[in-house]
Amino acid sequence: MRLLILGTGGMAKYHAQHFAAMPDVTVVGGVDVNPERLAAFTLEHKIERGFSSLEAALDWGQFDAVANVTPDSIHHATSIAALRAGKHVFCEKPLSTDAVKAFEMVDAAEHSGLVNMVNLTYRNVAQLQMAREIVTSGQIGAVKHVEASYLQSWLSSKAWGDWRTDSSSLWRLSKKHSNGVLGDIGIHIVDFASFGSGLDVEHVFARLKTFDKAPNNRIGEYDLDANDSFNMSVDFSNGALGVIHATRWASGHLNELRLRVYGERGGVEVQHRHNWSALRVSLGADIETGEWKEIEAPKVPTNYERFAKAVATGVNLQPDFRHAARLQKLLDLAMVSDTEHKDLSTNDGNR
């Protein structure tokens, strides 16, 4: 596979590193509107060609697929353009900024017949994959309750850098540029919960919260008005209840996802941090004593590897555009739920 990396900002280096490590993949070009950033990126990753626009790259055309690592608001137009040019697309999350645009991308992808996948990175966690196998194989019985959280501390800690003095991350705190914690990391924890439990969310009641962070909640050009924390009360497709929440004010937690799935015959718990992961289970007689055992999980293919495999075989794999669009629909409903203070169904409409 000959790959073009579209956008050369922070996440692009991970795409370049992962794809370059595969023997059957060659990164042949990079695209960025910032010439200095593009030049530095292509030099660092030994990429032969650089383009100032996707249009210029498509005019050249000597590649099979695009890794779309542009800002969220640009995913829609660029992914559709690549698909219409006959290129497979591996898009960063979220698929788009709202569900309407996301489903337009689904239509373009499915009409094209090309491989379309989304980089929901925590699918790479082996412990999550094994937890799903345990749950969906029936080992814990019918699922009754699910808890999931995504905890970050970069608003209360300088471990990520100081957002008060470094403007590079302020876009995440502004509605003009971001849907806040809900849009940025909410999509990850909702997928973590749904994938790990093997269940879809069918109803959501959500609360979003934006805390005061600066005088007049503004720093430079940025209004700090995007949500910092959210919680959701959800119903899953089998009738199970769930609680999903995330925040950037979780002091002491640099970047941590947790999932707990409880059934009538047992439970599983996944904890994932930036530097380690753990899977614990309580099954069979252990539920009578409250004993939990940690189990090892074998390594799993990454999203990058599975995208390369999908292009090579012509068989699309998950998570695809449709799955990501459904997640975006849920996030959109969460924002409406917060505004209208009511429970909403994900089954409303035709999508």
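No value in this document is a laboratory result; all are computed from the given coordinates. Note that the coordinates shown come from a computational prediction; the quantities given were computed from them, not determined experimentally. Don't worry about glycine lacking a Cβ; one is built from the backbone with ideal geometry, like all the others, and counts go over all protein chains shown.
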Principal-axis tilt of helix 99-112 within the chain, Cα atoms, nearest 10 degrees
60 degrees
Excluding Asn255 itself, calculate the net charge of residues whose Cβ lies under 11 Å from the Cβ of Asn255, where each Lys or Arg counts +1 and each Asp or Glu counts -1.
+1
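To the nearest 20 Debye, how big is the dipole of the stretch 183-341 about its Cα centre, given +1 on the beta carbon of each Lys and Arg and -1 on that of each Asp and Glu?
Here the stretch 183-341 has a charge dipole of around 360 debye.
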Angle between the chain longest axis and helix 186-197 axis [Cα atoms, degrees, rounded to 10]:
50 degrees
For the pairs Lys46/Lys213; Lys13/Lys176; Lys293/Lys329; Lys209/Lys309, flag any whose C-alpha to C-alpha distance is greater than 31 Å.
Lys46/Lys213; Lys293/Lys329; Lys209/Lys309
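Below 8 Å, C-alpha to C-alpha, sequence gap of six or more: please give me the relative contact order for the chain in percent. The partial results should precede the final answer.
Working: 752 pairs, mean separation 69.6, N = 351.
Rounded, it is 20 percent for the chain.
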Between the stretch 24-94 and the stretch 310-343, what is the C-alpha centre distance in whole Å?
23 Å
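Does the stretch 66-163 classify as rounded, prolate or oblate by the C-alpha gyration tensor (a ≥ b ≥ c root eigenvalues; a/c under 1.5 gives rounded; else a/b over b/c gives prolate, otherwise oblate)?
Working: a/c = 2.44, a/b = 1.28, b/c = 1.91.
In terms of gyration-tensor shape, oblate.
Exceeding 19 Å between C-alpha atoms, which entries from my cross-link table qualify? They are Lys101/Lys175; Lys93/Lys158; Lys144/Lys299. Could the numbers behind the result be given before it?
Working: Lys101/Lys175 17 Å; Lys93/Lys158 25 Å; Lys144/Lys299 29 Å.
Result: Lys93/Lys158; Lys144/Lys299 exceed 19 Å.
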Rounded to the nearest 10 degrees, the helix 321-340 long axis (Cα) sits at an angle to the longest Cα principal axis of the chain of 60 degrees
For the chain, what does -39500 (n - 2.57) per DSSP helix run (n ≥ 4), summed and divided by total residues, give at 222 nm, in deg cm²/dmol to the nearest 500?
-9500 deg cm²/dmol
Charges on Cβ only, +1 for Lys and Arg, -1 for Asp and Glu, centred on the Cα centroid of the chain; of His145, Leu38, Phe230, which one is farthest towards the dipole's positive end?
Leu38
For the stretch 114-174, size of Cβ-based charge dipole, Lys and Arg +1, Asp and Glu -1, in debye
60 debye
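So if I place +1 on the C-beta of Lys and Arg and -1 on the C-beta of Asp and Glu, and nothing else carries charge, what would the dipole magnitude of the stretch 39-104 be about its Cα centre? I want it in debye, nearest 20. All intermediate terms of the calculation are to be shown ahead of the outcome.
Values: 6 positive and 9 negative charges, 18 e Å.
Around 80 debye, computed over the stretch 39-104.
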